[in-house]
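Have a look at the structure below, then the notes.
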Amino acid sequence: MKNILILVSILFVFTYSVSAQENYKSQIGLKIQNFQSYGNGRYGISQPVITFLYKKQMSKNKYRSFDIGFMASKNLWNSSLKIGTENHVRLYNRFDLIHGLAFEAQYSNITFRESTAQSFNLGIGYLLGVEYKLNKRWTIGASITPTIMTNIYKDRNGWSKFSDYYIQPNLALYATYKFN
């Protein structure tokens, strides 16, 4: 009886220590956003369609997120960087509500009717979405981040302010893989 109690105790401690190691602190993934190529302004500069996503857990329900994206076509080269904070609120079982602040910077270079223009955009937005945990390592989610953007551009006349402010919706679907 004593040996069985010791064996059960060892199994319990081993199971607890293995499950404690499954607290993954980092996530990597892909995000698909802006399902149409719409333009913002005179040169029709659009944001990258696929971005790489990295999240780092800061506390139990808070994450720091980093998105980096590139897009290139015949007449357009675009890059973006988004840094934000995500707060997770448990809705039901495997569903979380996510919300938080995000800062974004974009750079674009476009050829338009034999002239070249560059654009630099800065913005601040608020992320709102839902996340579903498929299992302990895989997560899928959908979010919208309305972002207030401003930009300047450079064409053959030099740098000038292009627009004061505009709102960019940033609808996205994503999948992430958790690891330590």
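The values are calculated or read from the model by the stated rules, or taken from the named source; none is laboratory data. Please read these numbers as outputs of a predicted model, since none were measured by experiment. Cβ placement follows ideal geometry from the backbone for every residue including glycine, while neighbour counts extend to all protein chains displayed.
Points worth noting:
- Filtered residue count, the stretch 100-129, keeping only those that are buried (at least 16 other Cβ atoms within 10 Å of the Cβ) and closer than 21 Å to Leu171 by Cβ: 10
- Members of the stretch 49-97 found to be within 14 Å of the chain's Cα centre (by Cα) and of a type in the set (Asp, Glu), listed by number: Asp67, Glu86
- Which listed residue is in a strand (DSSP E or B), charged (D, E, K, R) and surrounded by fewer than 17 Cβ atoms within 10 Å (Cβ to Cβ), from Lys136, Lys154: Lys154
- Screening the candidates Phe112, Phe120, Phe103 for the property of being out of contact with any strand residue (DSSP E or B) (no Cβ under 8 Å at 6 or more places or on another chain) and either in contact (Cβ under 8 Å) with a residue 12 or more places away in the chain or aliphatic (A, V, I, L, M) (or both) yields one hit, Phe112.
- Leu101 being assigned to a strand (DSSP E or B), under 12 Å from the mean Cα position of the chain (by Cα), over 20 Å from Val49 (Cα atoms) and at pLDDT 90 or above: yes
- So Thr139, is it within 20 Å of the chain's Cα centre (by Cα) and at pLDDT 95 or above: yes
- Meets criteria (in contact with a strand residue (DSSP E or B) (Cβ under 7 Å, 6 or more places away or on another chain), of a type in the set (Ser, Thr, Tyr), closer than 21 Å to Ser79 by Cβ and surrounded by 15 or more Cβ atoms within 10 Å (Cβ to Cβ)) for Thr147: yes
- The one condition in (1) modelled with pLDDT under 95; (2) assigned to a strand (DSSP E or B) that Ser65 fails to fulfil: (1)
- Among the residues of the stretch 157-180, the one identified as under 16 Å from Val49 (Cα atoms), assigned to a strand (DSSP E or B) and at pLDDT below 85 is Gln168.
- Tabulated pairs, the stretch 135-156, first within 30 Å of Thr116 (Cβ to Cβ), second part of a loop (DSSP other than H, G, I, E, B), C-beta under 6 angstrom, 6+ apart or interchain: Thr145/Asn170; Thr147/Asn170
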